[in-house]
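One structure, as structure tokens, below. Some questions next.
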Amino acid sequence: MIRLLSKHIIRFLILVLAQVFIFNHIQYNNYINPYIYILFILLLPFNTPGWILLLSSFSLGFTVDLFMNTPGMHAAAATFMAFLRPSVQNLIAPREGYDSTTLPTLEYNGLFWFVKYAVVLTLAHHMFLFYIEMFRFSDFFPTLLRVILSTFFSSAFIISSQYFFFRR
């Protein structure tokens with residue numbers, strides 16, 4: 001239990017630091033903003049209790065907010081993503097269900113499942129984040145383009161990370 005908890009804490013710290021020091025500097029015309037820190041939420045075990053999922057997601061977003069000077073936006077978007085996660089998992093669940101001992105990773109569930117899982121939740125996170133940042137309808141379509149492009153690049157980084165960093 002302690003080993004598993006320390007593994008998640010280390011993943012939390014690494015992803016926040018990677019976001020702050022590497023991925024925040026990847027921008028193109030303010031349309032492409034990859035957010036890799038949400039991988040922490042995606043990789044939490046299937047059997048994570050809802051309150052721990054929401055609390056850890058809020059903490060993750062709040063930590064990113066502290067570094068990026070975006071008061072509450074990432075905390076709200078990450079919490080929203082964590083709120084949607086169980087519903088998305090139920091929607092794309094295999095016929096036999098999930099094994100409680102496995103993780104929601106590409107390795108255990110396959111590429112097709114993981115792409116659906118990561119893209120849907122990344123899209124939800126980015127829509128929430130970018131529209132709360134804009135907070136007006138006059139820029140609806142430019143913001144939608146930003147959501148789509150950022151979702152594509154964030155998902156590409158998240159999926160490729162499964163091949164390079166999160167193998168057994």
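The values are calculated or read from the model by the stated rules, or taken from the named source; none is laboratory data. Keep in mind that this is a model prediction, so the values were computed, not measured. All Cβ positions, glycine included, derive from the backbone under ideal geometry; neighbour counts span all protein chains shown.
Tally the residues that are at pLDDT below 95 and of a type in the set (A, V, I, L, M), restricting the search to the stretch 67-87.
Qualifying residue count, the stretch 67-87: 1.
Any residue in the stretch 47-59 that is buried (at least 18 other Cβ atoms within 10 Å of the Cβ), small (G, A, S) and in contact with a Lys or Arg (Cβ under 9 Å, 6 or more places away or on another chain)?
There is at least one residue in the stretch 47-59 that is buried (at least 18 other Cβ atoms within 10 Å of the Cβ), small (G, A, S) and in contact with a Lys or Arg (Cβ under 9 Å, 6 or more places away or on another chain).
Okay, residues lined up against (1) surrounded by fewer than 17 Cβ atoms within 10 Å (Cβ to Cβ); (2) in contact with a strand residue (DSSP E or B) (Cβ under 6 Å, 6 or more places away or on another chain); (3) within 16 Å of I38 (Cβ to Cβ):
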| residue | (1), (2), (3) |
| --- | --- |
| M68 | yes, no, yes |
| F80 | no, no, yes |
| E107 | yes, no, no |
| V115 | yes, no, yes |
| A124 | no, no, yes |
| F128 | no, no, yes |
| F153 | no, yes, yes |
